[in-house]
1. Can you pull out every residue in the stretch B:103-133 that is within 14 Å of chain A (Cβ to nearest Cβ), on the phi < 0 side of the Ramachandran plot and assigned to a loop (DSSP other than H, G, I, E, B)?
2. One residue is enough: does the stretch A:200-208 have a residue meeting the conditions closer than 28 Å to residue B:274 by Cβ and touching a strand residue (DSSP E or B) at 6+ places or on another chain (Cβ under 6 Å)?
3. Which fully enclosed helices (runs of 4 or more DSSP H) of the stretch A:83-180 have 3 or more residues being modelled with pLDDT of 85 or more and under 28 Å from residue B:271 (Cβ atoms)?
4. Only one residue in B:119, B:147 is more than 30 Å from residue A:251 (Cβ to Cβ) and exposed (fewer than 14 other Cβ atoms within 10 Å of the Cβ). Which one?
5. Just one of B:78, B:83, B:94 is more than 8 Å from chain A (Cβ to nearest Cβ), farther than 15 Å from residue B:41 by Cα and in a helix (DSSP H, G or I); which is it?
6. Being out of contact with any strand residue (DSSP E or B) (no Cβ under 7 Å at 6 or more places or on another chain), assigned to a helix (DSSP H, G or I) and modelled with pLDDT under 90 is the filter here; which residues of the stretch A:70-81 pass it?
7. Quick one: residue B:60 ticks every box in (1) more than 14 Å from chain A (Cβ to nearest Cβ); (2) buried (at least 22 other Cβ atoms within 10 Å of the Cβ) except a single one, so which number is it?
């Protein structure tokens, strides 16, 4: 019982801390919201890549599709932020399901190329459909109405932050629930040995498509949150750099770790924010070196590093998770 | 549409295809032949290209600049192979993809801190800058040069990989490194040499193709998709696939631009996706796996 209560406290503490940020760091609301959005995006990748083992280099496409869908929906259909979020999630999930059905028969290098090619094609579409997306000028003029008709997006970003936190919380709970379910475990099985999963009768392809669509929907929500927070969508949100960045964040934090995605996002977004003020290329150097170091020396990312320090500090309790 | 203009379109397609091949030929070695997921190909190309442009700016000739580009990129490749790639050979696609992505960031940042954000100027020698009469029309000498350079590189690769003892050892080392070690082949040395050669070719490609793909800070990421697509469509394990893929993609892109200019990039990526789904292991799949 005590262990269970401790477990719950461990799970709740980061969320409580995130709520407290609203009062602790009122000057950094948009930064804090970016951390959460990036964390959600990285968590979506962790679902597809970390658990289902789908090696994708084009995950930015779903973030971008969600961002554009939310923006276009807000401008042309309805400015309600939650409706926009739902629309973006649905559209991104649908794109994920369709492209997933097309490409998830393949694996390895071919799959990487296909994810890249599809992301490039979607970016090309966004670039050429200027009437809808604004082309390379980006999409502007997104004005979300108050959340639930009650909470206006204020100048300081408190509403935007708490709104983002609430959405991220809901998605994260859903994701953890799914990952703990038989379906979630079967994804780990597919990653570890697809042939054996097939042999015991698991519908591997359908599972992968479902995981990919779910991950895409989640990435789409993240994109929509980004679009609503910044009130603009740029072509870059669909690009290779976005796909690469989220890959870095997920791996930096530690894949398949409960808080990995958010830990990576915290370090990445905060680091980028402060380093970019000095010189974006120096930040690129740092993040590149960090990336190499993580791959070469700390396979489990920052979350793994935290574990390691924790175990050093308390050698007698080693072994437990 | 006359026969002659059709011929011109085909020639343009061939030239663009060969340019693709020349620029990604190094990757056909590191990724295609050695099966290392080398997303840093563009980064090695940049190292070579920047070195070449510095040489040109200091009065070196075009040929010397190409040599310097090859040495710079090859040297960087040799060092990277030792320190970064070798521990990852056995660790699968994802760690290799991530490490090389990080390496790309490091190279972009370092080069930009050293040289600034401006596009590197890479003037062609006068002999390549003009037009040449090819019977039915005047044609840019540079494009003919690219076609020739691509054909020459393909021939060289074929000779080295298919016709020399080194090539045979390399193919064996890729297919079964343990067995090769057992019979006394120095697999590490072969991989190091080959990887460095692939990087050197990346540097050469960057200088040769600089008119089509100008060298700027984001070069390594901007054209990465294109490099990867060429090798991905060609198929790993055999460089000939990359040659075929380059030419097919060059023709599709050029023909698309002539006949459906608005939709040409869709046609290009649709063709890429179609080809990958039709032949998931590449147009010319390698002998094993």
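1. B:117, B:118
2. no
3. Values: elements: A:108-128, A:130-133, A:158-180.
Because the criterion is at least 3 residues that are modelled with pLDDT of 85 or more and under 28 Å from residue B:271 (Cβ atoms), the helices (runs of 4 or more DSSP H) in the stretch A:83-180 that meet it are A:108-128.
4. Result of the check over B:119, B:147: B:119.
5. On the way: B:78 fails: farther than 15 Å from residue B:41 by Cα; B:94 fails: more than 8 Å from chain A (Cβ to nearest Cβ).
After ruling out the rest, the residue left standing is B:83.
6. Hits for the stretch A:70-81 are A:74, A:75, A:76.
7. (2)
This table checks each residue for (1) within 14 Å of another protein chain (Cβ to nearest Cβ); (2) surrounded by 14 or more Cβ atoms within 10 Å (Cβ to Cβ); (3) modelled with pLDDT of 85 or more; (4) more than 22 Å from residue B:97 (Cβ to Cβ).
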| site | (1), (2), (3), (4) |
| --- | --- |
| A:265 | no, yes, yes, no |
| A:277 | no, no, no, yes |
| A:305 | no, yes, no, no |
| A:317 | no, no, no, yes |
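The values are calculated or read from the model by the stated rules, or taken from the named source; none is laboratory data. None of the values given here were measured: they were computed from a predicted structure. FYI the Cβ positions are ideal-geometry reconstructions off the backbone, even for glycines, and counts take in every protein chain you see.
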